[in-house]
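Heads up: the structure comes next, in C-alpha cells.
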Amino acid sequence: MLKALIRTMRPRQWAKNAVIFAALVFDRQLRPDNLPAVLRTCAGFVIFCILSGVVYIINDIADADADRKHPVKCNRPIASGVLPVPVALTAAIILVVILFPLAYLLSPAFALVALAYFLLNLAYSKWLKHIPLLDVLAIALGFVLRVVAGVTLIHVARFSPWLYIVMTLGSLYIGFGKRRSELALLADGANAHRPVLDGYTIPLLDQYITIVSGTTIIAYSLYTFSAPNLPANHLMMLTIPFVLYGVFRYLYLIQVEHSGGAPEDVLLSDKPLQLTIFLWGIAVLLIFYLF
C-alpha cells in the first residue's frame, strides 16, 4: 500500500518543481560560498515535491470515476482499487499538516506561496479543470508560483521579470500540447474521459500552440539581451538555438509522434529533447558563472 501511495504521488512528475531553482541560478547565487541559499532552495524543492504529490492524491480521489474509463489512467492505484480512498485521504491530510509548518520555518513568504499553490490546485481539481482555457491557465500559474517560491527563499538582487513571462508562455505551450494529445488519443470518446476536452478542437489548439510557441521564443530572445543581470557581451543569446530546437522538437512529438499527453514521459523518454535541455543548462551555467 505504501508503494501504491508513492505511485499516486507521481515521483516522475516532481521534475517540474526544479523551476524553483530558477531564482538561485539566474540570480548567480549557485556558488559554493553561498551554501545557505543553496540548502534553503533544496529544502523548498523537497517541500514542493511532496506538496505536489499531495495534490496528485487529491486529484486522483476526485477523478477516480473518470479515470476508470480511461485506457491508461484506469491503472492508477486509486482508480484500480489498489489504494483505498480513506487511506489516501488520511495520508494527504497528515502530509499537509507536516508540510506547511516546515514551509513557514523556511520563510513565511514561501509558506504563503506554497499555500497559494495548494489552494490553486484544489480549485483546479474541483472546478478549473472543467473550464476550457482556465484549465491550462491554472497549470501555467502553478509553474509561475513555483518560480515565485524560489524567489522567496533567497535574497534576490538581479532576477529578471522576463523569466516569469517566459515561464508562463512555456507552460501554456506544454499545457495546450497536452490537451491536443489527449484529444487526438481519445478521439470521439474524449468528452467521456475528460469533459473539458469538449471545449477544444484540434484546429483551435493548433492555433493556441502556434501563438504561445512563437511568443515563448520571442520573450526568451528578448530576455537574453535586455535583462539587466546578463553579461554585457550578450553571450546569453547563444542559448536561443537550444530553446528554438526544444520548442520545435516538442511540436514534432505532439503532431508527428502523437506524444505529449504526459509531458513528463516525453521528457524522460525523448533523447534529443533531453540532450537539448542538458546543453542549454550547461550553456547557461558557463555564461553566467564563467563569463
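The values are calculated or read from the model by the stated rules, or taken from the named source; none is laboratory data. Since the structure is predicted, the reported quantities are computational estimates derived from the model, not experimental observations. Here Cβ is always computed from backbone atoms with ideal geometry, including for glycine, and neighbour counts include all displayed protein chains. Calculation scope for accessible area: heavy atoms of the full protein, side chains included, ligands and nucleic acids excluded. Shrake-Rupley method; radii C 1.70, N 1.55, O 1.52, S 1.80 Å.
Before we move on, is residue 218 within 23 Å of the chain's Cα centre (by Cα), under 24 Å from residue 137 (Cα atoms) and open to solvent by 70 Å² or more (accessible area, probe 1.4 Å)?
yes
Keeping to the stretch 123-133, report how many residues are of a type outside the set (Lys, Arg) and in a helix (DSSP H, G or I).
Of the residues in the stretch 123-133, 5 are of a type outside the set (Lys, Arg) and in a helix (DSSP H, G or I).
Okay, residues lined up against (1) more than 14 Å from residue 59 (Cα to Cα); (2) assigned to a helix (DSSP H, G or I); (3) of a type in the set (A, V, I, L, M, F, W, C); (4) open to solvent by less than 40 Å² (accessible area, probe 1.4 Å):
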site: 82; (1), (2), (3), (4): yes, no, yes, no
site: 89; (1), (2), (3), (4): no, yes, yes, no
site: 94; (1), (2), (3), (4): yes, yes, yes, no
site: 101; (1), (2), (3), (4): yes, yes, no, no
site: 105; (1), (2), (3), (4): yes, yes, yes, no
site: 113; (1), (2), (3), (4): yes, yes, yes, yes
site: 118; (1), (2), (3), (4): no, yes, yes, yes
site: 121; (1), (2), (3), (4): no, yes, no, yes
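Among the candidates 141, 145, which residue alone is out of contact with any Asp or Glu (no Cβ under 7 Å at 6 or more places or on another chain) and open to solvent by 70 Å² or more (accessible area, probe 1.4 Å)?
Just one listed residue meets the conditions, 141.
Give the residues of the stretch 8-28 that are of a type outside the set (A, V, I, L, M, F, W, C), more than 14 Å from residue 264 (Cα to Cα) and open to solvent by 20 Å² or more (accessible area, probe 1.4 Å), sorted by residue number. Break it down stepwise before answering.
Step one: list which residues in the stretch 8-28 are of a type outside the set (A, V, I, L, M, F, W, C), which gives 8, 10-13, 16-17, 27-28.
Applying the additional criterion that residues be more than 14 Å from residue 264 (Cα to Cα) yields 8, 27-28.
28 - this is the single residue of the stretch 8-28 that is of a type outside the set (A, V, I, L, M, F, W, C), more than 14 Å from residue 264 (Cα to Cα) and open to solvent by 20 Å² or more (accessible area, probe 1.4 Å).
Would you confirm, using the coordinates I've provided, whether residue 206 is over 18 Å from the mean Cα position of the chain (by Cα), open to solvent by less than 60 Å² (accessible area, probe 1.4 Å), charged (D, E, K, R) and farther than 30 Å from residue 39 by Cβ?
Criteria met by residue 206.
Quick one: count up the residues across the stretch 134-165 that are outside any helix (DSSP H, G or I) and without any contact (Cβ under 8 Å) to a residue 12 or more places away in the chain.
Matching residues across the stretch 134-165 total 1.
Can you find a residue that is without any contact (Cβ under 8 Å) to a residue 40 or more places away in the chain, in contact with a Phe, Trp or Tyr (Cβ under 9 Å, 6 or more places away or on another chain), open to solvent by 20 Å² or more (accessible area, probe 1.4 Å) and assigned to a helix (DSSP H, G or I) anywhere in the stretch 43-66?
yes
Go through the stretch 148-169 and give me each residue that's open to solvent by less than 30 Å² (accessible area, probe 1.4 Å) and either of a type in the set (A, V, I, L, M) or closer than 27 Å to residue 197 by Cα (or both).
149, 153, 154, 163, 166
I need the helices (runs of 4 or more DSSP H) fully contained in the stretch 166-258, keeping only those with at least 3 residues that are more than 22 Å from residue 69 (Cβ to Cβ), of a type in the set (Val, Ile, Thr) and touching a residue at least 24 places away in the same chain (Cβ under 8 Å).
Numbers: elements: 190-193, 202-226, 240-255.
Answer list for the stretch 166-258: 202-226, 240-255.
Select from the stretch 241-278 the residues that are open to solvent by 70 Å² or more (accessible area, probe 1.4 Å) and not β-branched (Val, Ile, Thr) and list them in ascending order. Please lay out each step first, then the result.
Restricting attention to the stretch 241-278, the residues satisfying the condition of being open to solvent by 70 Å² or more (accessible area, probe 1.4 Å) are 241, 245, 248, 252, 255-258, 268-269, 271, 275, 277-278.
Of everything in the stretch 241-278, those that are open to solvent by 70 Å² or more (accessible area, probe 1.4 Å) and not β-branched (Val, Ile, Thr) turn out to be 241, 245, 248, 252, 255, 257, 258, 268, 269, 271, 275, 278.
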